[in-house]
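A short worksheet on the structure shown next.
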Amino acid sequence: MTVSVLVVVFLLSVSKIISQCPPSSGIYLMHNGNCYTNGSYFLDDDIKGYSNSIQCVLAGITLNGGEWVTNNGSSIDCSTDPLRCNVMSSPDTTVGLYINGDIELFDDGWYKCCLPTDCSDSNTNIIFANIYILAQIEDISVDLPSDITVLPQTYTLRAVKIGQYDIDTADWYYETASTSIELCSVNKYQYNCTNDNGIAIDKGNGRWEYTLIVTWDGDTINSGILSLSRNYADHEYRFYLNASEVMRNRSITITVPSTAPSFLTEVNKTATTITVNWTALHSSDADGYVVNVTSDTDTVQTIQVEGSSNNTITLNGLRGGTTYSITVRAYQQLLGPASSTIRVFTHCQHEGVYLAFEGNCFANGSYFPDSSIKPNPLECVLPGTILDGGQWVGPNGEVACPGNNSNIQCTNGSGASLSVHINLGKNFLEPSGDGWYRCCLPTNCSDPDTNIIFANIFKFAQIQSFTVADLPSDMTVYPQAYKLNCIKIGFPEYDIRMNIGTTALANYIDCDDRTDDSHCIGIVMDSNMYTMRYIINITWDGEAVSSESISQSATGDQMYQCIVEVTNQPTRIRNTFIQVPDTAPSSLTEVNKTATTITVSWTALDSSDADGYVVNVTSDTDTVQTVQVEGSNNNTITLNGFRGGTTYSITVRAYQQLLGPASSAISVQTLPVINSISWTLVSSIAQLNRTQYCIDCLTTTDINPSTDVYWLVNGVMKSNSMYTSIDVLTYNNTLLVYPDPLGVSVNVTCIAIIGGVNYSKSVELHAPNGPPNQVKGFILNETSIKVNWTNSSKANGYVIEYTTGGVTRNVVSTSEDEVVLTNLLSISTYTISVYSYIDLPSVNSTVTVFKFDVPSPVTSLSVSNVSTTSITVNWTIPSSDNYVTYYTISYTPSCPQLSSVNDTVSVAPHESTATYSYTLIGLYSGMNYTITVRAGNVLGGSDPSLTENTTLRAVTTGVPQFVSLLQPINNLTWNEVDCSRRNGLITGYTVRISNNSITYNLTSTERHIILNDLVFGTVYNISVAATNSVGKGPFSDSIVVEIGIVSSPVESVSSIMDTTWAVISWSVPSYIPSDHPIITYEIGYHMFQSGNCSIVDDVDVYYINTLALNQNVSCGSTFTIITGLYSDTCYIFGLRPYTDNGYGAWTFITSETLTLQSPTMSIHIPSSPTPCTCISTSTSSGGVIAVGVLGGIWLILLTVIVIVHVYYFLRMQGLLTAQAKTDEDIAMQVCTPYDLHKTEVPSKENERAYEECEAPPDAATDDSIYDL
């Protein structure tokens, strides 16, 4: 082990500080306020200077020449350096010692202080202090073992170093007369001990403790590399310290006796004690002794004897007949060497004669081969007596002591003991000496009061014993088993067998006890004498003896032999017998019986043939009881504890050591306790769990029915409270039970108790294993339904429970699987449960909720597998409580010309699938269908469930109808394709235009188009084809049209606005065809959507063209009055001429009505225009007056109006020119205004209105209003 030594500053290293300072009395040392005892150490540097002096103090005494004395014995001169003194007389006598300067190494050592007088005074008080330089060994000690009796012994050496930290060496040495052996050392501040048997401990302030652990086993010192054998001398150790030029040594001696006690001797012994003594050592060589007692190498006890002169001890607590080894050691601080060992054999017993051989005790009748007592003596011992003519006598007579008989020699022992043996050499026991010997002590065998013990001394081999073991103690157990034990002793080579009669039950040949692989299975009992035990197991069944596979019939007593044979030597045979009755008891007879007892008797055997009897009772081959009857004369027994009404078979056997043969069996039946148990149905099975059953149990009157009868109902105990007497022999015990819970069979057990024995009979009311399942209802008519079910278990009938409106009814049916329920309430929901029953009802079936009504609507209606001509309709059937027998599927096409179709599908009631589907075929392509599905039964159909879907599109097969061209704006219009032939939504139209020189196509998404590129006076063939998402259909029949010349637009359009009316005026067109005069003017207006009259954009023009109010004015008029307007509203007005060749272009103006301030004025225009052939204004007087009235106003406004009119006229002309080239422009019509969605398909009514707008102008008067 290594321990670091740290180098720090020098500190005071001191020892033995007194806790009470100052002490109460006596001389003491004081330094720096601490008190120190005699022999304390002080580092020289710590006492330098007057103030650091060591004070030598004696309290309460007057100084009278006290002094300090140096280490060489001279008195210190207090006035000279380096050691100085200071003296104080009060309050205590004190002489201080300190160093002034430095001291030399020769000044290092012990200093003595004497107070109050000098050191020459024998009565002075003296105390010592050690003043040292650098470092010092303050103490060296040893920790000795606390228990001196324990070996090995371990002790610890301790050395304490004080002073400076920095040292060169700190070593432990073991010292002999000639050498010093290093055990531990400090090297480079590490403390190293061999085999880690030491440690350095830092105690602080430069104080270190260095330890060394040493082991002493009584013969050898072991400490690291140190191993000193038989070091019978004191152990001496030295601790060496080296600090710079200072070297310190201190030694310690551990005393050890150098010699062992001599002449260890047995003084006395008993069976449990031994007394020994030895020669004591001198008191200087021993402090005491340790006696060690062992047996078979195990330490029995170790006893410490204190005192060197105590040399006798009695050892107690020992075992009899045991050999003990005893030694003794002296001890001082450690144990010394052991004495010679003595062996002592304790007596086998406290009193009485016994045999002892080779340290073992033997009982009377023991066997000894002649070879074993050659030369080891066989000792005959009588403890606690003195021999007075004892004697050995063998088969050949007395063996004289001393003397010889048949080669057996006798010798006297200590106390009362005689030993016999055979001398070494070639002599063995003579044949005449083979056999039993008796030993008589303390007197000879003629003394009747002597003590006698026997021993068999034999040649080669002998049978030590042959016995029967483990004979059955309980004669009632059958078959009976036991063991044969044969013990062979002596010669190891032999044959052995065990017979019954002449039959060998076990036979072992060529046995050799010296080998481990012998085929002979003997058990070794004593390997020295080759004693072997052979065991065979025997079974006796009353007729034969068997051992493993060997069996031998036997009658009466059984004789067994054990035979041991050694080649060329006498055969040894031992017999053993087992007594067995050879006959069975006769005349076994029933004497009496009750429900629980049977009394039988038989003819007894002679006492020499039987010790007793065993009666065996069986029932159904099982043994009920086996009773042992002791005594050969006891031939009657009453057998108890039987069950009533039970048949028993009874036999009897006599027994001695084993059972004899069985008598003939008799059969006896006990009287019954419970005669019968039955049940009856008390109430209707339809009451289900309220159904009542009566259980009747008939019992004997030998019991008290109120206390001795109880019931178990499915394991639950119930008391017996209802019983009646039927006759003197019978009680009827009654119990009412209910099937609760349902579906559980009820096992009822009637239990009667007699003599603590329970008798019972049971009856079971059976319930079906499970309820009916798949319960279904079928509506027969408005008041009846049929219910059927399936059943997987046995049943005697069924109970049908049905409930509606809180009213429950039950019906019992014995039918296999159905019942008709009548007088039901229609439009009701029934909860139906079906129970099956055997004796008891089952649990109810899964509750069936049955709706006695038309079905509920189907749900989750959807379509799938849509094609051009078919759609598959899917739906979820109504909930399971609905009764459905058919579904009606109706589908209506969106085309009004087509009719709805109804299909009916019959289904099995209680359709197992949750969803149903049906495919509609023969449908129109691209057609939207409204599909409804109804579930129905005999009571009607459900409410419809509806869905819509469209078949897949195909190319349209229809053509547009009524193609016409409106001139002069060349607005080509046509009607929709027949809805049954569209095959999908029409997405556009193709217009084919051709003449003699050209053919081309135009497209439109509306049912009209302005043909802007037609040439006047040219004949055209025009046809139209419809287009859907699949493709273009066929063209219509062509129409033939000739393009004519129309009038130019009107000019100088102006307006005068009031709150609810407006006056619109104009000039006649600048160009009017000479052969096509103006017939009338068409005027339209529209409320301006944008709310800003200063702007006319394309959107507003669109509204003028498509949504307007229309008036016709005769050709002679150049103004009109429009009434019914809204005040403060912006309007767009349009005006165009009409000839028989068609309409001219529109002219537009925007104006805003005034805020309402006065009633409006209405001017009515004549309603019967006539064709005009002139270009002047009308000649009617009314018109002239109106023009005159307005003339003044027109003149005032003319300047402004002309500019505005010119602007708008030019703009409208530009717009109309642009519109003539688009597909979506439609001429001004008398139509209801559209909303902002131009692409909206007109309704049927709008289509008719459109056709009406195409009527010739003469179909309406100038004040006619067409509002769509």
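The values are calculated or read from the model by the stated rules, or taken from the named source; none is laboratory data. Given the structure is predicted, the values throughout are model-derived calculations rather than measurements. Reconstructed Cβ throughout: ideal geometry from the backbone, glycine too, with neighbour counts over all protein chains shown. Heads up: the accessible areas ignore ligands, DNA and RNA and are worked out on the full protein's heavy atoms, side chains in. Shrake-Rupley method; radii C 1.70, N 1.55, O 1.52, S 1.80 Å.
One table, with the values for the structure above:
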quantity	calculated
Tally of residues being farther than 29 Å from Met559 by Cβ and crowded, with 21+ Cβ neighbours inside 10 Å across the stretch 578-616	4
Output for the stretch 697-719, where each listed residue is surrounded by 15 or more Cβ atoms within 10 Å (Cβ to Cβ) and within 18 Å of Ala595 (Cβ to Cβ)	Cys697, Leu698, Thr699, Thr700, Asp702, Ile703, Pro705, Asp708, Val709, Tyr710
Residue within the stretch 554-567 that is in contact with a Leu (Cβ under 9 Å, 6 or more places away or on another chain) and among the hydroxyl-bearing types (Ser, Thr, Tyr) present	yes
Among residues of the stretch 733-759, those that are crowded, with 17+ Cβ neighbours inside 10 Å and not in a loop (DSSP other than H, G, I, E, B), counted	11
Residue within the stretch 328-336 that is assigned by the TED database to the domain that holds Ile274, in contact with a Lys or Arg (Cβ under 6 Å, 6 or more places away or on another chain) and crowded, with 19+ Cβ neighbours inside 10 Å present	yes
The one condition in (1) of a type outside the set (Ser, Thr, Tyr); (2) open to solvent by less than 70 Å² (accessible area, probe 1.4 Å); (3) assigned by the TED database to the domain that holds Gly218 that Val150 fails to fulfil	(2)
Listing of strands (runs of 3 or more DSSP E) fully contained in the stretch 789-905 that carry 1 or more residues being in contact with a helix residue (DSSP H, G or I) (Cβ under 6 Å, 6 or more places away or on another chain), in contact (Cβ under 8 Å) with a residue 24 or more places away in the chain and within 17 Å of Lys776 (Cα to Cα)	797-804, 807-813
Single unsatisfied condition, Ser89 versus (1) open to solvent by less than 70 Å² (accessible area, probe 1.4 Å); (2) at pLDDT below 90; (3) over 23 Å from Ala243 (Cβ atoms)	(1)
Of all residues in the stretch 776-788 being outside any strand (DSSP E or B) and either in the same structural domain as Ser880 (by the TED database) or out of contact with any Ser or Thr (no Cβ under 7 Å at 6 or more places or on another chain) (or both), the one that is nearest to Ser842 (Cα to Cα)	Leu780
Selected residue (criterion: nearest to Leu688 (Cα to Cα)) from residues of the stretch 760-770 that are part of a loop (DSSP other than H, G, I, E, B) and either among the charged types (D, E, K, R) or open to solvent by 40 Å² or more (accessible area, probe 1.4 Å) (or both)	His766
Residue in the stretch 490-502 that is at pLDDT 95 or above, within 24 Å of Ile408 (Cβ to Cβ), in a strand (DSSP E or B) and of a type outside the set (Ser, Thr, Tyr) present	no
Failed item in (1) open to solvent by 20 Å² or more (accessible area, probe 1.4 Å); (2) in a strand (DSSP E or B); (3) touching a residue at least 12 places away in the same chain (Cβ under 8 Å), with Thr623 passing the rest	(3)
The stretch 278-302, residues that are open to solvent by 20 Å² or more (accessible area, probe 1.4 Å) and either outside any strand (DSSP E or B) or more than 29 Å from His235 (Cβ to Cβ) (or both)	Ala280, Leu281, His282, Ser283, Ser284, Asp285, Asp287, Asp296, Thr297, Asp298, Val300
Cβ-Cβ under 7 Å pairs, at least 6 apart or on other chains, the stretch 149-174 side touching a residue at least 24 places away in the same chain (Cβ under 8 Å) and assigned to a strand (DSSP E or B), far side open to solvent by 30 Å² or more (accessible area, probe 1.4 Å) and aromatic (Phe, Trp, Tyr)	Thr169/Tyr240; Asp171/Tyr240; Tyr173/Tyr240
The one condition in (1) over 27 Å from Gly660 (Cα atoms); (2) free of Cβ contacts under 8 Å to residues at least 24 places away in the same chain; (3) surrounded by 12 or more Cβ atoms within 10 Å (Cβ to Cβ) that His519 fails to fulfil	(3)
Among (1) of a type in the set (A, V, I, L, M); (2) within 60 Å of the chain's Cα centre (by Cα); (3) open to solvent by less than 70 Å² (accessible area, probe 1.4 Å), the one test that Leu441 misses	(2)
Neighbours by Cβ (under 7 Å, 6+ apart or cross-chain): first from the stretch 669-694, at negative phi and assigned by the TED database to the domain that holds Ser745; second open to solvent by less than 50 Å² (accessible area, probe 1.4 Å) and in a helix (DSSP H, G or I)	Thr691/Ile685
Residues of the stretch 925-951 that turn out to be under 60 Å from the mean Cα position of the chain (by Cα), of a type outside the set (D, E, K, R), part of a strand (DSSP E or B) and buried (at least 16 other Cβ atoms within 10 Å of the Cβ), as a count	11
Count of the stretch 987-998 residues which are open to solvent by 80 Å² or more (accessible area, probe 1.4 Å) and either small (Gly, Ala, Ser) or closer than 25 Å to Val1030 by Cβ (or both)	2
Residue satisfying all of: in the stretch 166-200; closer than 17 Å to Ser244 by Cα and at pLDDT 85 or above; surrounded by the fewest Cβ atoms within 10 Å (Cβ to Cβ) among these	Thr169
Which numbered condition Ile453 misses (of (1) assigned to a strand (DSSP E or B); (2) open to solvent by 10 Å² or more (accessible area, probe 1.4 Å))	(2)
Output for the stretch 58-100, where each listed residue is among the hydrophobic types (A, V, I, L, M, F, W, C) and in contact with a Cys (Cβ under 8 Å, 6 or more places away or on another chain)	Trp68, Val69, Ile76, Cys78, Cys85, Val87, Val95, Leu97
Residues being open to solvent by 20 Å² or more (accessible area, probe 1.4 Å), in contact (Cβ under 8 Å) with a residue 24 or more places away in the chain and in contact with a Pro (Cβ under 9 Å, 6 or more places away or on another chain) - total across the stretch 102-123	2
Meets criteria (under 30 Å from Gly612 (Cβ atoms), in a strand (DSSP E or B), of a type in the set (A, V, I, L, M) and outside the structural domain of Pro395 (by the TED database)) for Val477	no
